[in-house]
Amino acid sequence: MEKLAAVKGMNDILPPDSARWEALEERVRNLMRRFAYENLRTPIVEPTALFVRGLGEVTDIVEKEMYSFEDRLNGEALTLRPENTAGVVRAAIEHSLLYNGGKRLYYMGPMFRHERPQRGRYRQFHQIGAEALGFSGGEVDAELILMAHALWQEIGLTDVALQLNSLGQPEERNAHRAALIQHFEAHLDVLDEEAKRRLHLNPLRLLDSKNPAMQAVIEAAPRLLDFLGEASKRHLKTVTDVLEANGVAYSINPRLVRGMDYYNLTVFEFVTTKLGSQGTICAGGRYDYLFEQVGGKPTPAVGWAMGIERVLELLKEQGAAEDGPALDAYAVVPDAAFLPQVMGCLQTLRSQGLSVQMHATTAEGMASMKSQFKRADSSGARYALIFGADEMAQGQVTVKALRDSTVAQQTRALSEAAQWGKSLQSIA
Ligand code: ATP
Ligand code: MG
């Protein structure tokens, strides 16, 4: 039969790599708890209109990257979420999450974009995102940045730089937009087809273009920063004051515009030079107009999303990748007849918090002691528990350290597993 394979650009995450994913996710949950962000889980499928209205019709995601389909029964237009900010906002409106003031939320999960797969760019990828809804002050923008910064420190990421910009407010953007159109119209000869098409629809998107031929003209384009009024400048200063007071280095990048239309005021990216052109590991900003855009009341909000694949790739690049916790013990059982009693003992050990793996029978019964010991060794377990016939006859088990030859072999009573089990545990 023809072999089936995963869909192009969508990856299986296999052990032991999956342990690194779990370790990162666990650190993030802990971080979110300390910053008082609560978990929100929304569906992977949303109405297509949510993204068209939320992200903007003339954006890469909506124009060419969405996995959209019709519900086969009622024809409803649906899309696999390409990002989750719009979904979080939809849920916040739908469930009146802000009836009682602001809400700090986070999520983790798969996102889907029909892009050309390459290192750090996949069709199913995974994001961790944090969103602070209902807060207008720049100090919350800064809090989110401090939180991401704290995560880099805790997981040992060093090669990452923070870029910051302000996209101002709609009136400021309109004035800038007119200047942008004028600028690019004077350089029509270097614009590619996509840029020409977008010029009057969404000229800000031209700044986001990665076309090398256009970079000089983009570089020379009028800067949105120069169109900011007093209030917008003050907002940016609130953010940078907090960063400076906390020793978080940043640079202002006036070309930073981000790929969705929903942003205003603060935008930022954490960027590394170590992942080629997929160098942005975390990106976000303020989106004070998104709630209205998808049918809610005006609500200030700010957030970020990080790409888990890119963060883990960068950690690996730096040699700082975390391994999962080692197995505590491997049960070597020469005779299958002992299994009911052995498994009772293993249950007790597991209830003490130990991770324990048991050698299982095959069609031929139990493997030889020699091959079981080989397995125990390659499992990475710190101890072998040997449930031999002699031991079992006396209600005992032999505990043998596999990684530390200075630890003497010991015999323990099965009935006292709840007492000695703890001493074998590597993590609390
Ligand atoms: P890029 O400019 O690299 O396409 P983006 O601006 O489209 O990124 P966002 O929509 O801001 O990315 O998503 C936030 C983060 O999610 C990115 O910084 C990146 O780490 C990650 N990300 C985005 N698209 C992908 C993808 N196709 N594969 C893997 N990670 C991705
Ligand atoms: Mg993109």
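The values are calculated or read from the model by the stated rules, or taken from the named source; none is laboratory data. Please read these numbers as outputs of a predicted model, since none were measured by experiment. Quick reminder, even Gly has a Cβ in these numbers, built from the backbone with ideal geometry, and neighbours come from all protein chains shown. Just the protein is used for accessible areas: all its heavy atoms, side chains included, with ligands, DNA and RNA removed. Shrake-Rupley method; radii C 1.70, N 1.55, O 1.52, S 1.80 Å.
Can you give the relative contact order of the chain as a percent, counting alpha carbon pairs under 8 Å and 6+ residues apart?
15
What is the distance in Å between the Cα centroid of region 278-318 and that of region 324-341?
45
Between 34, 375, 205, where does the largest GNM mean-square fluctuation fall for the chain, given springs only between Cα atoms within less than 10 Å?
375
Taking the Cα centre of the chain as origin, work out the dipole magnitude from +1 charges on Lys and Arg Cβ and -1 charges on Asp and Glu Cβ, in debye rounded to 20.
On the way: 47 positive and 54 negative charges, 88 e Å.
The calculated dipole for the chain is roughly 420 debye.
May I ask for the equivalent-ellipsoid semi-axes of region 17-75, computed as the square root of five times each C-alpha gyration tensor eigenvalue and listed largest first in whole Å?
Values: eigenvalues 203, 46, 38 Å².
Result for region 17-75: semi-axes of 32, 15, 14 Å.
At a probe radius of 1.4 Å, what is the per-residue accessible area of residue 374, in Å² to the nearest 10?
Looks like 150 Å² after rounding.
How far is the Cα center of region 201-251 from the Cα center of region 30-95, in Å?
Value for the Cα centre distance between the two parts: 26 Å.
Shape call for the chain from the C-alpha gyration tensor, a ≥ b ≥ c root eigenvalues: rounded (a/c under 1.5), prolate (a/b greater than b/c) or oblate?
Note, shape of the chain comes out prolate.
Choose one of 211, 238, 179: the residue whose Cα lies farthest towards the positive end of the charge dipole of region 153-264 (beta-carbon charges +1 Lys, Arg; -1 Asp, Glu; about the Cα centre).
Sorting the options by dipole projection puts first 179.
Give the calculated FRET efficiency between residue 22 and residue 187 to the nearest 0.05, with a Förster radius of 56 Å applied to their Cβ-Cβ distance.
0.65
To the nearest 20 debye, what charge dipole does region 1-108 have about its Cα centre, counting +1 at the Cβ of each Lys and Arg and -1 at the Cβ of each Asp and Glu?
The calculated dipole for region 1-108 is roughly 540 debye.
How high is the relative contact order of region 329-426, given as a whole-number percent (alpha carbon pairs under 8 Å, six or more residues apart)?
34
What's the ranking of 242-251, 97-106 by average number of surrounding C-beta atoms within 10 Å, highest first? Present the calculation step by step, with values, prior to reporting the outcome.
Details: 242-251: 13.1, 97-106: 15.8.
In decreasing order of mean packing, 242-251, 97-106 become 97-106, 242-251.
Using only Cα atoms, figure out Rg for region 329-426 and give it as a multiple of 2.2 N^0.38 Å.
Working it through for region 329-426, the quotient is 0.99.
Could you work out the helix-only [θ] at 222 nm for the chain, with each DSSP H run of four or more residues adding -39,500 (n - 2.57) and the total divided by the number of residues, to the nearest 500 deg cm²/dmol?
Per the formula, -10000 deg cm²/dmol.
Just want the answer: with Cβ charges of +1 for Lys and Arg and -1 for Asp and Glu, which residue in 21, 384, 110 is farthest toward the dipole's positive end in the chain?
Toward the positive end, the furthest listed residue is 384.
Once amide H atoms are placed 1.01 Å from N in the peptide plane, what residues at a sequence separation of 5 or more from residue 111, or on another chain, have their amide H within under 5 Å of its amide H?
125, 126, 127
Any chance you could list P(r) for region 85-221, counting all Cα-Cα pairs in 5 angstrom bins from zero, rounded to whole %?
P(r) over region 85-221, rounded to whole percents: 2, 7, 12, 12, 14, 17, 17, 12, 5, 1, 0.
How much length, in nm to one decimal, is gained on full extension between residue 77 and residue 361, taken as 0.36 nm per residue of separation minus their Cα-Cα distance?
Fully extending the segment from residue 77 to residue 361 adds 97.2 nm.
Over the Cα atoms, compute the radius of gyration (one decimal) and Dmax (the largest Cα-Cα distance, rounded to a whole number) for region 1-149, in Å.
Taking only Cα atoms of region 1-149, I get Rg and Dmax of 17.3, 60 Å.
Taking each full run of DSSP H in the chain as one helix, which ones are at least 15 Å long along their axis (Cα atoms) and have mean Kyte-Doolittle hydropathy of at least 0.5?
Span-like helices here: 138-155.
With the contact rule set at Cα under 8 Å and sequence spacing of 6 or more, what percent relative contact order holds for region 63-178?
Relative contact order of region 63-178: 19 percent.
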